[in-house]
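So the structure is just underneath, and the comments pick up after that.
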Amino acid sequence: MTNYGDEATVREILTRSGDTWAVVGLSNNTARAAYGVAQVLQRYGKRIVPVHPKAETVLGEPGYASLADIPFPVDVVDVFVNSSLAGEVADQAVAVGAKAVWFQLGVVDEAAYGRTLAAGVSMVMDRCPAIEIPRLG
């Protein structure tokens, strides 16, 4: 397996990139992985910002239909969409000035990974922050 984000990058994003995480694909569907991961992020002190076409309030946080609609800076964009759509989200994250992009387990777009890094934005792909945060202690 290719490593898309070394340990130093994972640690940097989780501990020093900031605490405002836009979670793209997050809805009130508690059966979806995005919901559980958002709960873990909140437990570890991260502010989650739901991004979903329905723009619904999730876990007490108001939602937005797109990254561009968020009226404040976002530190990390956590992506829970199909790999075929993820590259566009990564490009939007760069456009809104996010410090980092995180593609969840199973979300892989090598071209987007390259573009994001080339834009000077940290990126991790095909990993889960809900697994990594407790592991890092």
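Given all pairs of different Cα atoms, what value in angstroms does the Kirkwood hydrodynamic radius of segment 1-61 take? Working shown, then result.
Working: mean 1/r = 0.0796 Å⁻¹.
One decimal place: 12.6 Å for the Kirkwood radius.
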How high is the FRET efficiency from N29 to L136, r the C-beta distance, R0 35 Å, rounded to 0.05? 0.80
Carbon and sulfur atoms account, in whole percent of the 1.4 Å probe accessible area of segment 1-115, for 50
Can you give the accessible area of R47 in Å² (nearest 10), computed on protein heavy atoms with a 1.4 Å probe? 100
If you take every DSSP beta bridge fully contained in the chain, what fraction is antiparallel? Give it as a percent rounded to 5. 5
Normalised by the empirical 2.2 N^0.38 Å for globular proteins, what value does the Cα Rg of the chain take? 0.93
Could you give each residue of segment 75-81 its phi-based ³J(HN,Hα) in whole Hz, using Karplus coefficients 6.51, -1.76, 1.60 with θ = phi - 60°, and x for Gly or Pro? 7, 10, 10, 9, 10, 10, 10
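The values are calculated or read from the model by the stated rules, or taken from the named source; none is laboratory data. Please read all numbers here as calculations on a predicted model, not as lab measurements. Neighbour counts are summed over all protein chains in view; Cβ atoms, including those assigned to glycine, are modelled from backbone coordinates with ideal geometry. Surface accessibility is based on the protein's heavy atoms, side chains included, excluding ligands, DNA and RNA. Shrake-Rupley method; radii C 1.70, N 1.55, O 1.52, S 1.80 Å.
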